[in-house]
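The structure appears below as structure tokens.
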Amino acid sequence: MAETETPALLPVDVADDLRAMLAAFPLPEGVADADMNQEEIAQAISKTVNTVAKWTRAGMPVVQEGGQGRSYVYRLSHCWAWVNDREAREKAASAHNAAQVTALQAHFLGVDVAQPEATLTPKERKEMAMASVAWDQAARLKRSLVPLDEVIDLCDALLTIVREGLDGLSDRLERELGLTPSQAGAVQRASADAINAMRVRIEDAELAERDGGDGFV
């Protein structure tokens, strides 16, 4: 069986920029070059005819211009190189823009662009910011808490001052206001009742905190 003869390619001048694209993006191994119509080239590069037409207007190379009953002719190697070059430039532009966004966000955050925080996604950056706020709030709350033992010691000290003052209150009132012994005794009993009530209240609070708390108030 005779081999199918490969159709000859139309003569065409190759511009320097297209020559550079051909060198950077040659056809895959095993794929022979060919001149194709619009439908064939669309199928070859997995695009629609409308996309091919749009890209033709955008500068995709043609071997033969269409019009007045003449079809467009595209060279496979030229279109392959042009499409891959276009995609490479779009990726490079996207990467460049992303780098500038990262750099600007790093500036706003006050971090170096090389730090991990600078490359976080907006969602990750938001989660980190929320975690930082929660940590700061917890730290402030921690600093505002006082160990229960210290509170108990302070209450004991204050209670001692009150108790000593109330213990001598009846004698002082008896001297300064001329209370009778029975009146001074009534003041003494009232003072003792107040001291005992405060002591009971403090002890109840201490037990409640020790049973269910974390040692801070």
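The values are calculated or read from the model by the stated rules, or taken from the named source; none is laboratory data. Owing to the predicted nature of the structure, the values given are computational and were not obtained by experimental measurement. Positions of Cβ are backbone-derived with ideal geometry, glycine not excepted, and every protein chain shown enters the neighbour counts. Keep in mind that these areas ignore ligands, DNA and RNA; they rest on the heavy atoms of the full protein, side chains included. Shrake-Rupley method; radii C 1.70, N 1.55, O 1.52, S 1.80 Å.
The set of residues in the stretch 15-58 that are under 18 Å from V73 (Cα atoms) and in contact (Cβ under 8 Å) with a residue 60 or more places away in the chain contains only L18.
Among the residues of the stretch 110-136 satisfying the criterion of being at pLDDT below 65 and of a type in the set (A, V, I, L, M), which is surrounded by the most Cβ atoms within 10 Å (Cβ to Cβ)? This residue is L120. Looking across the stretch 20-60, the residues that are assigned to a helix (DSSP H, G or I) and over 21 Å from A88 (Cβ atoms) come down to Q38, E39, E40, Q43, V49, N50, A53.
Is one or more of the residues making up the stretch 7-16 assigned to a helix (DSSP H, G or I), open to solvent by less than 80 Å² (accessible area, probe 1.4 Å) and in contact with a helix residue (DSSP H, G or I) (Cβ under 8 Å, 6 or more places away or on another chain)? No, the conditions are met nowhere in the stretch 7-16.
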